[in-house]
Each structure stands twice: as structure tokens, then as C-alpha cells.
Amino acid sequence: MKALILVGGFGTRLRPLTLTLPKPLVEFGNRPMILHQIEALASAGVTDIVLAVNYRPEIMTAALKQYEEIYNVKIEFSVETEPLGTAGPLKLAEKILGKDDSPFFVLNSDIICDFPFAELADFHKGHGGEGTIVVTKVEEPSKYGVIVHKPDHPSRIDRFVEKPVEFVGNRINAGIYILNPSVLKRVELRPTSIEQETFPAIVKDGQLHSFDLEGFWMDVGQPKDFLSGTCLYLTSLAKKNSKLLTPTTEPYVHSGNVMIDPSATIGKNCKIGPNVTIGPNVVIGDGVRLQRCVLLQGSKVKEHAWIKSTIVGWNSTVGRWARLENVSVLGDDVTIGDEIYCNGASVLPHKSIKQNVDGKASATAFHCPYTYPKKMGKKKKKRKKRKTKWLTWIFTAPSIIM
């Protein structure tokens, strides 16, 4: 079987982490996000995996080629010269995906769940349609595009309703599909959306079905969902593969599910948990409190720091008695000074923070005066005082990269 993983996006929602690495390579559960998908695909019998890449393809290639032998799969890279959306990449990889009559999987690179690929393939072959969308139930369907089914057929999709005001259903697109090669004829080699263009055409022909996903699901493409997804993932591991979690018998595991890499160093009198992942070579000082957070490789937390609902980037340092919370995100090689408070802060790579940061503004923002220009026209005898307003300027990603 074959699969296409859509990894072409710039990962802007997960900045500042994606300023250092493409989103699929950011560690989730102490390994690159995309490896969760590659491993699940390989376990389901997939032998050919295509990665649709647009952003920093050389880094993706160097990082993932090594896993071909580990998972016994062939990994190929379909490089886009321009972003092709969610359907264009299928056409670009048509030679691989359409080389035989077998169906192929398509999935977004920032989805985390139990990945029921084998069951999905059996379901797809059973109904005989052209495509199958994996759907998941949500509590507030008004925030999403909802999938509505045919009244006389529980799995055949009738239509899509974007952010419905009145309740029409609670199933949404989970970002995982299985499609017949015939779908490739419906797609043009241009920037196009599979959700807005391709799927409605298949629905019109009565050939699109849905498969209900059991268990947890999360799109971890932005920090708050990354943290929520970590909680769900650790909870799932506790039920299905608890050996991957750190035993609660360790003196520093305070409560709940915790994953600590064996190479990490933990100080005395620490309280860790629940819902914490600590990556390789992390150093944690004495008396540190960690809760619902992710510490990436090489980061350092000094004595008596308090970290909650935060992602600490690679090689970053959190000072003594510092406090980070409310979905704060530190990029690569960030230094947080002693006794600093970060409330929902997003700190760009290689920055040193020496004062408290409120999450309403970027940690790299600065204030500067802006004077409104004069209006064109005849000069007046009496000069009016020109208005001056203080504006906040924030470094954007392109200016940093340059």
C-alpha cells in the first residue's frame, strides 16, 4: 500500500518552534511528530510513503531518510516549487500514488491519534466507494466544518456544512483519508483544496464515505493544542503501552502521566507531573515544579523554577525562581533570566529575556514613536502640531530568518 503525508506548510501556527525546524520534525512525545505517522503506516502494511514537501525540503530529507531501513518502508519526497494546497500534492505525486489500482492513504502531518489504518482500509474496501474520510466527534461543532450523512446510509456523506449555526451533526474531518487512484483524475496540478474542491465533487457522485475514529484525536499544529494533544497522548499510553512512561515510583514523579528520557538529569525535591514530557539531555535543578509542559532536547531548568502549560525549546535555559505559564513557548536557545515571569509569552529563538513578559505582546516587541505625515496641499500660515502615536513593532519570522 501507499501513503501521502502533507508536510508542505510553513508551520506558522507553531512558531517560534518552526523557525528552527519544520513542523513534522518537532518532537511530540520525545520523537519527531511525523514518526508517529510513519510507524503507524508501516505497521498497517504500507510500503511506499510520499512526503509532499515545500518548506525546507533539504532538512526533511536529511532527517527522515534514515528511517527507511528502521521501518522497512520506502520514503520519497515530492518537492513543491510553490505551495499546492491539500489536493495539488496528490497530482504532483501521481506517478507513485497511481502506479497500481490499490487505494492510498492521505493525511495531514500535524494529526495525532491512534491511527486505525488497517481498519480504515478494510472499511474502505467494504463499501466500494471512491474515497473515505476519517471523522471524529466534537463537543462544539459550530466551530468546525461538519459532515452530514445521507439519511438512508449511515456512512455515505451527503454534504459539508461550514460552522453551522443550528445543529446538523457533530462529526468533523479528522485529516485522514483513503482514496482510490481514480481520484487523481479529479485533481489538477495547481494550488487547490481537497476539502473545498475535490471532496464536494466526489460527494455529488455519491462516492464519499466516512469512518468514525475511536479514541483520542488532536490537531497539534498550534501551541495550545500541542499541549492538549500531549495530555491525550500520554493518557493513551497509560492505557495501552505504559512501559513508555516514567514509573510513578520515582521520587520526583508527583502525579499523573510523565515521560522522561533516560538521559535527562533530575535534581532533588522536584515535583513533576501530571502530563509532562522531558526530552534527551535535559537538566533540571533542585526544587523545580513541572506540570502540563514539554521540555525539548538540551533545555535546562534552574533551581526552584515553576513551569506550567509551556513548551521549552531546544537548548533553552529557564532561570532560578522563574515562572512560566499560560501557553508560553520558548524558541531555540532562549534564556529566561532569574525570577522572571512569563505569562503566555512567545519568545523567538536566541533571545535573552531579562524582564517580565505579558502574553498580549511578543517578547521581541519594542515601542517606537511614529509621526503621522503632513497632508498634501497648500501650506498654512500657522503650523499645527503633528500627531505622534506610539506603535508596537514586532519582529516577524522573515526578518529573523534574513
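Helix 223-240 against the longest principal axis of the chain: what's the angle in degrees, Cα atoms only, rounded to the nearest 10?
Between helix and principal axis, roughly 60 degrees.
Using only Cα atoms, locate the centre of the range 134-203 and the centre of the range 320-349, then give the distance between them in Å, rounded to an integer.
Using only Cα atoms, the two centres lie 39 Å from each other.
Residues in the range 1-44, backbone N under 14 Å from the label point at Glu76 (7 Å along the Cα-to-beta-carbon vector): list them, ranges by number please.
1-5
Quick one: Debye curve from the alpha-carbon atoms of the range 198-305 only, equal weights, vacuum; give me log10 I(q)/I(0) at q = 0.15, 0.19 Å⁻¹ to two decimals.
-0.66, -0.95
Over the range 2-219, what is the relative contact order in percent, taking alpha-carbon pairs closer than 8 angstrom and at least six residues apart?
Details: 409 pairs, mean separation 52.3, N = 218.
Relative contact order for the range 2-219 comes out at 24 percent.
Of Trp321, Trp306, Trp217, how do they rank once you tally other Cβ atoms within 10 Å and put the fewest first? Before the final figure, lay out the partial values.
Details: Trp321 15, Trp306 19, Trp217 22.
Arranged by neighbour count, lowest to highest, Trp321, Trp306, Trp217 become Trp321, Trp306, Trp217.
With respect to the cross-link table entries Lys95/Lys137; Lys65/Lys239; Lys74/Lys95, which display a Cα-Cα separation exceeding 25 Å?
On the way: Lys95/Lys137 35 Å; Lys65/Lys239 32 Å; Lys74/Lys95 15 Å.
Going by Cα-Cα distance, Lys95/Lys137; Lys65/Lys239 fall outside the 25 Å limit.
Would you mind listing how long the range 5-84 runs along its three principal axes, going by Cα atoms, in whole Å with the largest first?
Per principal axis, max minus min of the Cα coordinates gives 34, 30, 19 Å.
What percent does the relative contact order of the chain come to when contacts are Cα pairs within less than 8 Å and at least six residues apart? Working shown, then result.
Numbers: 937 pairs, mean separation 46.2, N = 402.
That works out to 11 percent.
Could you work out how far the C-alpha centroid of the range 256-270 sits from that of the range 12-54, in angstrom?
Computed from Cα coordinates, the inter-centre distance equals 25 Å.
Along the charge dipole of the chain, which of Leu21, Gly273, Asn257 sits closest to the positive end, that is, farthest toward it, with unit charges on the beta carbon of Lys, Arg, Asp and Glu (+1, +1, -1, -1)?
Leu21
In angstroms, what radius of gyration and Dmax does the chain have, counting Cα atoms only?
Spelled out, the Cα radius of gyration and Dmax of the chain are 24.2, 85 Å.
Hey, could you grab the Kirkwood Rh for the range 223-366? Inverse mean 1/r over distinct alpha carbon pairs, Å, one decimal.
Values: mean 1/r = 0.0676 Å⁻¹.
It works out to 14.8 Å.
Per the Kirkwood treatment, what hydrodynamic radius in Å, one decimal, follows for the range 233-283 from the mean inverse distance over all distinct Cα pairs? Kindly include the intermediate steps, with their values, before the conclusion.
Working: mean 1/r = 0.0906 Å⁻¹.
Radius from the Kirkwood sum: 11.0 Å.
Relative contact order (percent) for the range 223-366, with alpha-carbon contacts under 8 angstrom and 6 or more residues of separation? Spell out each step's value before the answer.
Details: 419 pairs, mean separation 18.7, N = 144.
RCO, the range 223-366: 13 percent.
Check the straight Cα-Cα distances from Lys308 and name the aspartates and glutamates below 12 Å, setting aside those fewer than 8 residues away within the same chain.
Glu325
Let me test this: with uniform point scatterers at the alpha carbons of the range 117-233, what is the Debye-based log₁₀ I(q)/I(0) at q = 0.12, 0.20, 0.21 1/Å?
-0.46, -1.19, -1.27
How do the peptides 277-284, 15-22, 185-192, 52-59 rank, highest first, by the average count of neighbouring beta carbon atoms within 10 Å per residue?
On the way: 277-284: 20.9, 15-22: 22.4, 185-192: 15.1, 52-59: 17.8.
Descending packing order for the listed peptides: 15-22, 277-284, 52-59, 185-192.
Taking 2.2 N^0.38 Å as the expected size of a compact globular protein, what ratio does the Cα radius of gyration of the range 2-219 give against it, to two decimals? Present the calculation step by step, with values, prior to reporting the outcome.
On the way: Rg = 16.8 Å, N = 218, 2.2 N^0.38 = 17.0 Å.
Computed over Cα atoms of the range 2-219, the ratio equals 0.98.
Based on a Kirkwood Rh over C-alpha pairs, give the Stokes-Einstein translational diffusion coefficient of the range 40-162 at 25 °C and viscosity 0.890 mPa s in µm²/s. Please report the intermediate quantities before stating the final value.
Values: Rh = 16.9 Å.
Stokes-Einstein gives a translational diffusion coefficient of 146 µm²/s.
Output the peptides 38-48, 107-117 sorted from most to least packed, where packing is the average of other Cβ atoms within 10 Å over each peptide's residues. If you can, show how the numbers build up before the last one.
Working: 38-48: 17.4, 107-117: 21.8.
My ranking of the peptides, most packed first, is 107-117, 38-48.
Out of the DSSP beta bridges found with both residues in the chain, what percent are antiparallel (nearest 5)? The partial results should precede the final answer.
Details: 27 of 86 bridges.
Antiparallel bridges: around 30 percent, rounded to the nearest 5.
Could you give me the ³J(HN,Hα) list for the range 249-266, computed from phi with Karplus coefficients 6.51, -1.76, 1.60 and θ = phi - 60°, whole Hz, x at Gly and Pro?
6, 5, x, 8, 7, 6, 6, x, 8, 9, 10, 10, 5, x, 7, 6, 10, 10
What is the fewest-to-most order of Val148, Val203 by other Cβ atoms lying within 10 Å of their Cβ? Provide the component values of the computation, followed by the final result.
Working: Val148 16, Val203 21.
The order, fewest Cβ neighbours first, is Val148, Val203.
With a sphere of radius 9 Å drawn around the Cβ of Met33, what net charge do the other residues whose Cβ falls strictly inside it have (Lys, Arg +1; Asp, Glu -1)? Don't skip to the answer; put the middle values down first.
On the way: positive: Lys23, Arg31; negative: Glu27, Asp110.
Summing Lys/Arg as +1 and Asp/Glu as -1 gives 0.
Within 10 Å, count the other beta carbons around each residue, average over each peptide in 195-201, 63-69, 270-276, and list them highest first. List each step's numbers first, then the result.
On the way: 195-201: 17.3, 63-69: 13.9, 270-276: 21.0.
By packing density, highest mean first, the sequence is 270-276, 195-201, 63-69.
Bear in mind these aren't lab numbers, they're just calculated from the coordinates by the rules spelled out. Just so we're clear, the structure is a prediction, and the values are computed from it rather than from any experiment. Cβ coordinates were reconstructed from backbone atoms using ideal geometry, including for glycine residues, and neighbour counts include every protein chain displayed.
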